[in-house]
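To start, the structure under review is shown below, and the notes come after it.
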Amino acid sequence: MLLEVPWDWMVARDALPVLGRGVVTTLLATCGGMMIALMLGLPLVILRRSRLRVLSRTISLIVEFVRGTPLLIQLFFVYFLLSGQPWASTLTIGIVMLGVHYACYVSEVYRSGIEGVSCGQWDAAKALNMSRARTWISVILPQAIPPIVPALGNYLVAMLKDTPLLFAITLRELLMESNNYASRAGSTIEVYTLLGLVFLVLSLAATALIRWTEKRLLVRGA
Amino acid sequence: MPFFDLFPHLTQGLWVTLKVYVVSSLAVLVLSTLAGLGRVAPNALLRGLAALYVHVFRGLPVLILLFWLYYVLPYFGIELGAFAVGVLGLGLNYSSYGAEIVRGAITSIPRGQWEAATALNMSRWSRMRYVILPQALVRMLPPYGNLQIELLKNTALVMFISVEELAHHGRVLQNSTQRTAEIFGISLAFYFAIAALTAFVVRRIEVAASRGIRAGGAHVA
Amino acid sequence: MNPTLASVRSTSRMTSHFGALFLRKIFPLMAFVTVLSVASCDSRNDETTLQRVKRTGTIRIAYANEAPFGYYDTATGEVTGEAPEIARVILKRLGVTSIEAKLVDFGQLIPGLRAGRYDLIAAGMYITPERAKTISFSNPTYGVGEAFLVKSGNPKNLHSFEDVVAKGDAKLGVVNGTVELKLAEDLGVPDSRLMVFPDNATALTGVKTGHIDAFSGTALTVLDLLKKAGDGLERAEPFRQPKIDGRAKNYGAFGFRKDDHEFLDAFNAELAKFIGTPEHIALIARFGFTKDELPGNVKASDITGNQ
């Protein structure tokens with residue numbers, strides 16, 4: 001009785017503005033989350049390399065814990081603890097949690113970049129009597145970051161694909177808008193299929209953008 | 001201690017999570033191997049299909065894939081149960097990453113190995129089977145271990161298609177007791193323990209599997 | 001490394017133990033297990049839903065975890081609430097011996113029903129003309145009005161949604177996905193003064209801490225919250241009911257697929273014999289429902305305008 005696929009073009013067409021509204025929030029959450037991940041990843045890796053063992057061990061443990069547990073449960077934990085706080089909108093919670101989760105991955109990428117800078121650079125900076133902060137800012141980081149851009153880009157795509165989880169904390173991103181629409185229209189086939197296509201296009205476009213950036217960096221480096 | 005009254009519910013969910021995890025791990029392993037071998041197949045059509053498979057399933061968020069399989073697939077006359085949809089969705093998604101690990105490991109084996117095996121008059125299949133794959137398997141293990149942990153984390157998403165696993169029980173308990181920190185704290189600890197166990201097991205397999213390679217390498221040197 | 005014949009042979013011999021074991025035994029076994037576990041596919045045929053339910057004695061129902069309408073009771077590990085309990089009685093009379101309940105996100109209730117994931121929505125879902133375009137409703141099992149939960153003395157003097165709109169500094173709280181959220185939006189409460197909570201308990205905290213000035217829920221929800229944790233709070237009285245399609249109450253019912261009219265008719269027939277009986281009133285009293293919430297002689301078609 002269900003063998004005839006009930007695709008309705010009118011329902012599909014009416015879904016487009018709904019998806020358009022969701023895309024804005026989804027992209028906002030992705031960009032905001034990535035910004036936090038990039039900023040927070042750096043202090044994480046620097047603290048992890050600290051000479052103070054207690055500090056570096058604690059940071060390692062936190063990073064491993066965040067990476068070893070589901071983002072969904074982390075979202076539930078924070079969302080239910082904070083909901084009711086006027087400053088904690090679901091968008092804020094969503095962006096911060098995506099950012100924190102991915103900062104732990106990004107910090108590993110930074111670490112590989114930093115370890116890729118040869119030891120001689122540290123020695124040379126010391127010989128030049130540079131302070132530790134100065135060494136980081138003007139010697140190590142400028143060499144460590146360009147080679148890791150592709151890896152960072154992969155996490156941007158991964159984060160984009162994790163944004164649908166935010167529907168679980170009532171953020172009205174693509175999935176939530178689609179669910180609401182499916183519930184109103186009483187039909188899932190059109191809106192979920194379009195939703196899949198939207199994500200496919202977004203992630204393929206993001207991947208292409210990363211490849212392009214990668215190439216440009218290679219050209220500049222040569 | 002009021003803390004312990006949550007355990008019966010949460011451990012009930014934990015078993016389902018473990019079941020989803022183990023079965024979808026198997027699905028990922030099978031599908032990754034097939035798609036990965038497809039990526040390096042001599043047949044161009046097969047290679048193209050494998051590439052399409054990888055790009056489509058890697059580009060889709062798992063959650064969207066799960067919703068599609070659960071709510072849309074029945075319209076095509078295919079109605080899988082919630083558990084089967086969960087395993088299939090996780091399997092399709094993570095095998096697209098797994099296939100690239102398989103491909104990467106196979107293509108990283110030096111050409112000389114293929115040439116030497118050809119010189120020994122081995123057939124294409126035997127070359128793959130006796131020379132290339134045994135070495136590639138060892139190289140696959142570390143990235144594969146990370147993939148397993150990513151898979152574990154996303155098993156929580158099957159709660160949205162009515163599979164009553166750990167996250168589902170946590171959410172239900174939250175609704176009835178509001179003891180957020182305890183409920184989700186325990187859940188997080190459960191997941192972390194499984195992740196740590198996974199990392200440990202993969203590490204052991206790695207050591208066991210690389211024993212031969214190391215000996216072989218030493219012999220060559 | 002320049003591999004010689006000898007090195008190839010030695011490498012393959014030494015690694016073949018794990019490799020061969022994997023390829024010959026582990027991999028086929030895993031493939032087999034995977035296929036087995038995924039192939040638990042159930043097929044459909046030309047039976048109607050009612051025929052299948054009667055033949056197998058089992059039915060799948062969906063609820064959305066909202067007390068007191070339909071929720072998972074952590075004490076017993078079973079689904080309960082007004083709708084599932086009435087469903088148990090009626091379905092038993094239709095010959096059902098086993099009920100499989102699925103917890104579904106509220107927004108998925110209708111799509112999941114239409115996709116054939118379950119046969120009945122038992123979530124106390126309100127009958128609305130919009131929803132009736134995609135699914136059929138049984139006749140209502142209850143009717144309930146809206147209420148505001150406020151701090152004792154109602155400091156902001158809020159007695160209707162219109163009051164909230166008019167007072168520029170009044171903040172209203174609602175639970176996500178509920179009719180109240182839609183009401184507040186439709187009646188013009190601006191987003192900046194409308195706070196959406198994940199569940200009733202957190203909304204209650206919102207009123208107590210003063211983050212919101214009023215919480216809008218059904219009269220039942222508000223009474224339930226007052227009973228559980230009502231210190232320093234009250235129900236706003238008097239309260240001007242928002243008019244929903246000309247009615248002062250919302251009516252909740254069971255949801256059916258459009259083509260299951262045979263099942264719906266059988267269900268309605270049993271429902272008519274049960275609603276309003278002392279047995280019914282005793283059953284729903286545990287969930288805070290009283291005679292005030294009985295649907296009277298309102299029929300689903302009165303609300304949807306169909307049939």
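The values are calculated or read from the model by the stated rules, or taken from the named source; none is laboratory data. In this text the structure is predicted, and so the values were computed from the model without any measurement. Here Cβ is always computed from backbone atoms with ideal geometry, including for glycine, and neighbour counts include all displayed protein chains. Accessible surface is based on the protein model in full, side chains and every heavy atom, while ligands, DNA and RNA are left aside. Shrake-Rupley method; radii C 1.70, N 1.55, O 1.52, S 1.80 Å.
Look through A:38, A:16 and report the one residue that is assigned to a helix (DSSP H, G or I), open to solvent by 70 Å² or more (accessible area, probe 1.4 Å) and away from chain B (no Cβ under 14 Å).
A:16
In segment B:1-27, which residue that is under 11 Å from residue B:151 (Cβ atoms) and polar (S, T, N, Q) is surrounded by the most Cβ atoms within 10 Å (Cβ to Cβ)?
Among them, the one singled out is B:24.
Return the residues of segment A:170-185 that are among the hydrophobic types (A, V, I, L, M, F, W, C) and either within 11 Å of chain B (Cβ to nearest Cβ) or touching a Pro at 6+ places or on another chain (Cβ under 7 Å) (or both); say none if nothing qualifies.
Residues satisfying the conditions are A:174, A:175, A:182.
Count, please, the residues in segment C:183-223 that happen to be more than 10 Å from every other protein chain (Cβ to nearest Cβ) and part of a helix (DSSP H, G or I).
Going through segment C:183-223 one residue at a time, the tally reaches 12.
As an exercise: evaluate residue C:187 against (1) touching a residue at least 40 places away in the same chain (Cβ under 8 Å); (2) in the same structural domain as residue C:61 (by TED's automatic domain parsing); (3) touching a Pro at 6+ places or on another chain (Cβ under 7 Å) and give the number of the one condition it does not meet.
Among (1) touching a residue at least 40 places away in the same chain (Cβ under 8 Å); (2) in the same structural domain as residue C:61 (by TED's automatic domain parsing); (3) touching a Pro at 6+ places or on another chain (Cβ under 7 Å), residue C:187 violates only (2).
May I ask you to list the residues in segment B:161-187 that are within 14 Å of chain C (Cβ to nearest Cβ), surrounded by 21 or more Cβ atoms within 10 Å (Cβ to Cβ) and either in contact with a His (Cβ under 9 Å, 6 or more places away or on another chain) or not in a helix (DSSP H, G or I) (or both)?
Those that are within 14 Å of chain C (Cβ to nearest Cβ), surrounded by 21 or more Cβ atoms within 10 Å (Cβ to Cβ) and either in contact with a His (Cβ under 9 Å, 6 or more places away or on another chain) or not in a helix (DSSP H, G or I) (or both): B:162, B:163, B:165, B:169, B:170, B:172, B:173, B:183.
Could you check segment A:127-210 for helices (runs of 4 or more DSSP H) lying wholly inside it with 1 or more residues that are under 16 Å from the mean Cα position of the chain (by Cα) and aromatic (Phe, Trp, Tyr)?
Qualifying helices (runs of 4 or more DSSP H): A:149-162.
Are any of the residues in segment A:149-159 of a type in the set (Ser, Thr, Tyr), open to solvent by less than 10 Å² (accessible area, probe 1.4 Å) and out of contact with any strand residue (DSSP E or B) (no Cβ under 9 Å at 6 or more places or on another chain)?
No.
Go through (1) open to solvent by 20 Å² or more (accessible area, probe 1.4 Å); (2) at pLDDT 90 or above; (3) within 8 Å of chain C (Cβ to nearest Cβ) and name the single condition residue B:150 misses.
Condition not satisfied by residue B:150: (3).
Go through (1) within 14 Å of chain A (Cβ to nearest Cβ); (2) surrounded by 14 or more Cβ atoms within 10 Å (Cβ to Cβ); (3) free of Cβ contacts under 8 Å to residues at least 60 places away in the same chain for residue C:247 and report which single condition fails.
(1)
So which of C:106, C:69 is in contact with a strand residue (DSSP E or B) (Cβ under 6 Å, 6 or more places away or on another chain), in the same structural domain as residue C:272 (by TED's automatic domain parsing) and either open to solvent by 10 Å² or more (accessible area, probe 1.4 Å) or basic (Lys, Arg) (or both)?
Exactly one residue qualifies, and that residue is C:69.
Could you tell me whether segment C:78-91 includes any residue that is modelled with pLDDT under 95 and aliphatic (A, V, I, L, M)?
yes
Which ones in segment B:64-87 are under 15 Å from residue B:17 (Cα atoms) and out of contact with any Ser or Thr (no Cβ under 6 Å at 6 or more places or on another chain)?
B:83, B:85, B:86
Of these, A:112, A:107, A:118, which one is closer than 18 Å to residue A:47 by Cβ and open to solvent by 60 Å² or more (accessible area, probe 1.4 Å)?
Details: A:107 fails: open to solvent by 60 Å² or more (accessible area, probe 1.4 Å); A:118 fails: closer than 18 Å to residue A:47 by Cβ.
Exactly one residue qualifies, and that residue is A:112.
From the list A:82, A:38, A:47, A:55, exactly one residue is among the hydrophobic types (A, V, I, L, M, F, W, C), touching a helix residue (DSSP H, G or I) at 6+ places or on another chain (Cβ under 8 Å) and touching a residue at least 60 places away in the same chain (Cβ under 8 Å). Which is it?
After applying the criteria, what remains is A:38.
Can you run down the residue pairs with Cβ atoms below 6 Å, 6 or more apart or on separate chains, where the first is in segment C:146-170 and in the same structural domain as residue C:187 (by TED's automatic domain parsing) and assigned to a loop (DSSP other than H, G, I, E, B) and the partner is polar (S, T, N, Q) and open to solvent by less than 10 Å² (accessible area, probe 1.4 Å)?
none
Of the residues in segment A:175-192, how many are open to solvent by 10 Å² or more (accessible area, probe 1.4 Å) and without any contact (Cβ under 8 Å) to a residue 40 or more places away in the chain?
Residues that pass the stated criteria total 2.
Suppose we keep only residues that are at pLDDT 85 or above and under 23 Å from the mean Cα position of the chain (by Cα) within segment C:191-202. Which one would you say is surrounded by the fewest Cβ atoms within 10 Å (Cβ to Cβ)?
Applying the filter and picking the extreme gives C:194.
Out of the helices (runs of 4 or more DSSP H) lying entirely within segment B:46-131, which hold 2 or more residues that are of a type in the set (S, T, N, Q) and within 14 Å of chain A (Cβ to nearest Cβ)?
In segment B:46-131, the matching helices (runs of 4 or more DSSP H) lie at B:82-107.
Would you say residue A:167 is surrounded by 23 or more Cβ atoms within 10 Å (Cβ to Cβ), more than 7 Å from every other protein chain (Cβ to nearest Cβ) and either within 27 Å of residue B:79 (Cα to Cα) or of a type in the set (S, T, N, Q) (or both)? Break it down stepwise before answering.
Details: surrounded by 23 or more Cβ atoms within 10 Å (Cβ to Cβ): yes; more than 7 Å from every other protein chain (Cβ to nearest Cβ): yes; either within 27 Å of residue B:79 (Cα to Cα) or of a type in the set (S, T, N, Q) (or both): yes.
So residue A:167 passes the test.
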